[in-house]
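What follows is calculated from the coordinates using simple rules that are stated; it is not laboratory data. Nothing here was measured: the structure is a model prediction, and the numbers come from that model. Ideal geometry is used to build each Cβ from the backbone, glycine not excepted, and the neighbour counts take in all protein chains shown.
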Amino acid sequence: MLDLDADALLTTTRAVRKRLDFDRPVPREVIEECLAIALQAPNGGNMNNWRWIVVDDPSVIAKISEIYNGGLDDYISTMADSGGYPGSVVPGADRIDGSVGHLRENFHRLPAVLVPVFAGRMEEANLFYQASSWGSIIQSVWSFMLALRARGLGSAWTTGHLWREKALAELLEIPDYYTQVGLFPIAYTLGTDFKPAYRKDPSEVIGWNGFA
Ligand SMILES: Cc1cc2nc3c(=O)[nH]c(=O)nc-3n(C[C@H](O)[C@H](O)[C@H](O)COP(=O)(O)O)c2cc1C
């Protein structure tokens, strides 16, 4: 385990793409340990309406890589019509671009990938059901990323493949009634020193006693 206190862990768990070690195998026990920790996060009614699909078969990861890359291509092609990528004005956007490209090119080399899914579809759901459903799994996924980081591994939250979610559902035989949260690379990191990232200053985004 890395020597990180809680605040350091929470502020240095980054989207790791360029510093994923694609060549070092990740034992299943490490992933299972991180998932056991992750499942302690809160979930509505404690219903545990989830399934955590871990893929470590290289031939399946190669197929997932194609779906992920295809999904990002779909996303990029929509941006031509909508005035470009809204994140391009954010400080560090160039570096994010390069990092995203690196993961795209190397996705097929990942030692493992996590696909968390939850029961229910959100297309027709009201806000209560949407918030309750997403809110019952997102904390667990973040806990998983923190648990990886504490052990010298890394991940990145990715949703790009969801433009082609049906292709992944077919590949992994995910029932129609389930919603995919994203695709989460799993690998050891190259070095373990990560820093807090740019965020808007808290004073810009906190509203006391009201929105303003
Ligand atoms: C909902 C969500 C979707 C994301 N989708 C992708 C993605 O498809 N591909 C990717 O490389 N990164 C993706 N990211 C990672 C973000 O680009 C990254 O979190 C952001 O640049 C901030 O970096 P940091 O997490 O290291 O602070 C996503 C992050 C979130 C939270």
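Brief remarks on what is shown
- Only one of the listed residues (Asp94, Asp81) is outside any helix (DSSP H, G or I) and either in contact with an Asp or Glu (Cβ under 7 Å, 6 or more places away or on another chain) or loosely packed, with under 12 Cβ neighbours inside 10 Å (or both). That residue is Asp81.
- Test for Glu66: is it assigned to a helix (DSSP H, G or I), away from the ligand (no atom under 13 Å from the Cβ) and not basic (Lys, Arg): yes
- Failed item in (1) more than 9 Å from the ligand (Cβ to nearest atom); (2) not in a loop (DSSP other than H, G, I, E, B), with Leu162 passing the rest: (1)
- Taking segment 97-113 as the range and being under 30 Å from Val30 (Cβ atoms) and in a helix (DSSP H, G or I) as the test, the residues that pass are Gly98, Ser99, Val100, Gly101, His102, Leu103, Arg104, Glu105, Asn106, Phe107, His108, Arg109.
- The residues of segment 166-188 that are more than 24 Å from Gly135 (Cβ to Cβ) and either part of a strand (DSSP E or B) or not hydrophobic (A, V, I, L, M, F, W, C) (or both), listed by number, are Lys166, Glu170, Glu173, Ala187, Tyr188.
- All positions within segment 3-17 that are within 16 Å of the ligand (Cβ to nearest atom), charged (D, E, K, R) and over 16 Å from Ala112 (Cα atoms): Asp7, Arg14
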